[in-house]
Amino acid sequence: AIYHVIRDEIKAYRVCQVCGYVTGKKIRDKCPICGAPKEKFKTIEG
């Protein structure tokens, strides 16, 4: 999952603090994997 973040040179990504799902996209309502609300995502800028 982290490979696509590095490969695409995404400036910021979001990590679900419940299941570890990683995305470079904006989270709408909930985690697509575990269903955690968007408030459970932490934005990492790099």
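Values for this structure:
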item: Odd one out for His4 among (1) of a type outside the set (Val, Ile, Thr); (2) modelled with pLDDT under 80; (3) part of a loop (DSSP other than H, G, I, E, B); result: (3)
item: Within the range 8-46, tally of residues that are loosely packed, with under 12 Cβ neighbours inside 10 Å and in contact with a Pro (Cβ under 7 Å, 6 or more places away or on another chain); result: 0
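The values are calculated or read from the model by the stated rules, or taken from the named source; none is laboratory data. As the structure is a prediction and not an experimental result, all values here were calculated from the model. With ideal geometry, Cβ positions are generated from the backbone for all residues, glycine too; neighbour counts draw on all protein chains shown.
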